[in-house]
Amino acid sequence: MLRLTVNGRDHDLDVDPDTPLLYVLRDDLALNGARYGCGLGQCGACTVAVEGRPVLSCVTPVSVLAGRSILTLEGLGTPEQPGTIQRAFVAEQAAQCGYCIPGMIVRAHALLVQNPDPSDAEIRRSLNLNLCRCGTHLRILAAVHRAARETRGAASEDDRS
């Protein structure tokens, strides 16, 4: 039995410890935000955050994640109440086919937690491991900047209260 904490909830799972996290998320927990892209950790479609750091879930065995906090796209918001970064991607129309977007969003969220005001170069460097063939790169940059502004604005309002 293995216990995983995903999106703030504990899950006791009877899975092979060598199973990649991606399969456990999708098959056992019905969390389908992380996508299967290449299966080799080269495209970023499967990106999740583990304790705030982006991780390629297709090549990460669940055994190394016991006791660590895992965040998936679903943990950032819902279709009815999307989180800041999700709203920014929608507002900037940053998705074309959308296949890479969940991994991009999770990686962008992790960046903004570490650096609330990233430059274009820092965003590009952070998202470099996530491949997008549709060509929405400029819109993705705009979405990350929008989310950063909104997050900083919300933080400023909290400071004033």
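The values are calculated or read from the model by the stated rules, or taken from the named source; none is laboratory data. Everything numeric here is computed off the predicted structure, so don't read it as measured data. Cβ atoms come from the backbone with ideal geometry, glycine included; neighbour counts cover every protein chain shown.
Some values worked out for this structure:
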item: Test: R139 is among the basic types (K, R) and free of Cβ contacts under 8 Å to residues at least 24 places away in the same chain; result: no
item: Residue in segment 9-29 that is touching a Gly at 6+ places or on another chain (Cβ under 9 Å), touching a residue at least 24 places away in the same chain (Cβ under 8 Å), buried (at least 22 other Cβ atoms within 10 Å of the Cβ) and of a type in the set (V, I, T) present; result: no
item: Within segment 75-94, considering residues that are among the charged types (D, E, K, R) and under 19 Å from I140 (Cα atoms), the one surrounded by the most Cβ atoms within 10 Å (Cβ to Cβ); result: E92
item: Criterion violated by R53 - all others in (1) modelled with pLDDT of 95 or more; (2) buried (at least 17 other Cβ atoms within 10 Å of the Cβ) satisfied; result: (2)
item: Out of L65, L71, sole residue that is under 15 Å from the mean Cα position of the chain (by Cα) and either surrounded by 15 or more Cβ atoms within 10 Å (Cβ to Cβ) or more than 17 Å from L31 (Cβ to Cβ) (or both); result: L71
item: Out of V6, V59, sole residue that is crowded, with 20+ Cβ neighbours inside 10 Å and of a type in the set (A, V, I, L, M, F, W, C); result: V6
